[in-house]
1. Taking only the range 171-197 into account, find how many residues are of a type outside the set (Phe, Trp, Tyr) and under 16 Å from THR77 (Cα atoms).
2. Return a yes/no flag: does the range 197-209 have any residue that is of a type in the set (Val, Ile, Thr) and surrounded by 12 or more Cβ atoms within 10 Å (Cβ to Cβ).
3. Check off (1) touching a residue at least 12 places away in the same chain (Cβ under 8 Å); (2) within 20 Å of TRP18 (Cα to Cα) for PHE186 and give me the number that stays unchecked.
4. Pairs only if they're at least six apart or on different chains, beta carbon under 8 angstrom, first in the range 44-68 and under 19 Å from LEU13 (Cβ atoms), second of a type in the set (S, T, N, Q) and at pLDDT below 95; list them, first residue then second.
5. Residues that are crowded, with 16+ Cβ neighbours inside 10 Å and of a type in the set (S, T, N, Q): which helices (runs of 4 or more DSSP H) entirely in the range 14-89 hold 2 or more of them?
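The values are calculated or read from the model by the stated rules, or taken from the named source; none is laboratory data. Remember, it's a predicted structure, so these values are computed and weren't measured experimentally. Glycine gets a Cβ as well: all are built from the backbone with ideal geometry, and neighbour counts include every protein chain shown.
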Amino acid sequence: MVGFLSFLRRLYLVGYNWTVFAGWCQVLYFAVKTLKESGHQQVYDAVERPLQLAQSAAILEILHGLVGLVRSPISATLPQIGSRLYVTWGILWSFPETRTSMLVSSLVISWSITEIIRYSFFGLKEALGFAPSWHLWLRYSTFLVLYPSGITSEVGLIYTALPYIMGSEKYCIRMPNKWNFGFDYFYAAIIALGIYVPGSPHMYQYMLGQRKKALSKSKKE
């Protein structure tokens with residue numbers, strides 16, 4: 001019974017990783033193609049649906065960690081997925097004025113390359129029990145450039161959205177109301193920007209530690 005459950009777990013994770021891998025490949029293809037043919041202003045329109053689907057699928061990774069399907073700590077997974085979902089839905093989808101920014105191109109290219117490498121790495125590990133050494137190096141090295149470019153794009157897009165958030169008052173809850181509760185999305189965005197200040201260096205240091213551990217383990221093997 002245990003062996004059968006282990007087989008089902010691997011089968012599910014193989015399917016999950018390669019499905020999301022295909023989604024990010026689509027995002028990268030459309031982004032590069034549109035950037036070359038039409039310019040950065042059209043990139044978001046070209047990648048919107050596959051981007052939303054691929055990024056939203058990452059919610060399942062939180063569940064995977066909670067139920068023990070994977071060993072990734074929730075403390076590392078949740079902030080990264082949460083920030084990306086916020087930018088995907090809370091900024092780009094909610095405020096169309098941000099979509100023509102050049103930062104959209106750097107964002108989706110940074111995200112998609114990172115995720116194509118990551119999902120294919122875990123897809124191979126679940127399917128074969130290992131991944132090639134060059135793939136391991138890519139998995140734990142490309143973030144050195146792609147994480148800063150992705151984070152810079154996220155922060156830049158949130159900042160770009162601030163005047164539109166303030167002007168529209170979208171998602172705001174004003175007092176008085178029957179719940180006796182107020183919420184201002186503009187200040188929530190300011191807080192989100194503030195979280196990036198300590199959060200980004202912390203995550204970068206965490207990933208550097210993971211890189212050192214993974215590559216040193218690979219050398220010993």
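1. Narrowing the range 171-197 to residues of a type outside the set (Phe, Trp, Tyr): 172-178, 180, 182, 184, 188-195, 197.
Checking the rest, the ones that are also under 16 Å from THR77 (Cα atoms) come to 195.
Counting residues in the range 171-197 that are of a type outside the set (Phe, Trp, Tyr) and under 16 Å from THR77 (Cα atoms) gives 1.
2. Here is the first cut: in the range 197-209, the residues of a type in the set (Val, Ile, Thr) are 197.
Those still in the list that are surrounded by 12 or more Cβ atoms within 10 Å (Cβ to Cβ) too: none.
No: zero hits.
3. (2)
4. If the second residue must be of a type in the set (S, T, N, Q) and at pLDDT below 95, the pairs left are GLU61/SER72; GLU61/THR77; ILE62/THR77; HIS64/SER72; GLY65/SER72; GLY65/THR77.
5. Values: elements: 43-56, 59-67, 74-85.
Once the helices (runs of 4 or more DSSP H) in the range 14-89 are filtered for at least 2 residues that are crowded, with 16+ Cβ neighbours inside 10 Å and of a type in the set (S, T, N, Q), what remains is 43-56, 74-85.
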